[in-house]
Each structure stands twice: as C-alpha cells, then as structure tokens.
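The values are calculated or read from the model by the stated rules, or taken from the named source; none is laboratory data. Just so it is clear, the model here is predicted, and its values are computed rather than measured. Here Cβ is always computed from backbone atoms with ideal geometry, including for glycine, and neighbour counts include all displayed protein chains.
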C-alpha cells in the first residue's frame, strides 16, 4: 500500500526534487524487501526516492509522516516488518 502511494505521488511530481540520503536508504531497503519476499506490489525504487524527497520537503503536510516512515523502516530487522511500515 505504502509503495503504491509513493508510486502514485511520484508520477505526479517533477523529477527535480533533491534526493535525500534517508530517502535513498529507505527506498533501497524497501526494494530489497519486496524482492526478497516475492511481493507482487509494483515498486520502482527511483520513483520511491523522488516521491519521498518531495514529501519530505512538504513541511506543512507530509514531512513528519515521511520521517515516521523512515524511522519505522530503519528499526525493522525483518522484511515482513519493513513492508508493514506505514
């Protein structure tokens, strides 16, 4: 669900958002987990990074949610838990 949300948002934003290291890391981890679990959820790591960066810079509406998601993924030890992060 979260990956789909990032994908939809990424499709609607420009590709010029700066890429934060945190977004790169969380999207890399999610991509690895999707591959490892054999999930059929459509996921594009580059779109994830672009969407994450755009949301991260939307201080009024999304930045806190993005940081919460990044923190959740960073704390998880197993991929099934990573994919449950909202």
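Would it be correct to say that residue 17 is at pLDDT below 95, touching a helix residue (DSSP H, G or I) at 6+ places or on another chain (Cβ under 7 Å) and either surrounded by fewer than 20 Cβ atoms within 10 Å (Cβ to Cβ) or assigned to a helix (DSSP H, G or I) (or both)?
Values: at pLDDT below 95: yes; touching a helix residue (DSSP H, G or I) at 6+ places or on another chain (Cβ under 7 Å): yes; either surrounded by fewer than 20 Cβ atoms within 10 Å (Cβ to Cβ) or assigned to a helix (DSSP H, G or I) (or both): yes.
When the stated conditions are applied, residue 17 passes them.
Under the condition of being in a loop (DSSP other than H, G, I, E, B) and either touching a strand residue (DSSP E or B) at 6+ places or on another chain (Cβ under 9 Å) or modelled with pLDDT under 95 (or both), which residue from region 57-76 is farthest from residue 29 (Cα to Cα)? Steps first, please.
Filtering region 57-76 for residues in a loop (DSSP other than H, G, I, E, B) gives 57-62, 76.
If we keep only those that are either touching a strand residue (DSSP E or B) at 6+ places or on another chain (Cβ under 9 Å) or modelled with pLDDT under 95 (or both) too, we end up with 57-62.
Numbers: 57: 21, 58: 23, 59: 24, 60: 26, 61: 24, 62: 21 Å.
The selected residue is 60.
Picking from residues in region 77-86 that are out of contact with any helix residue (DSSP H, G or I) (no Cβ under 7 Å at 6 or more places or on another chain) and not in a helix (DSSP H, G or I), the one that is surrounded by the fewest Cβ atoms within 10 Å (Cβ to Cβ) is 77. Just one of (1) surrounded by fewer than 13 Cβ atoms within 10 Å (Cβ to Cβ); (2) within 11 Å of the chain's Cα centre (by Cα); (3) modelled with pLDDT of 85 or more fails for residue 49. It is (1).
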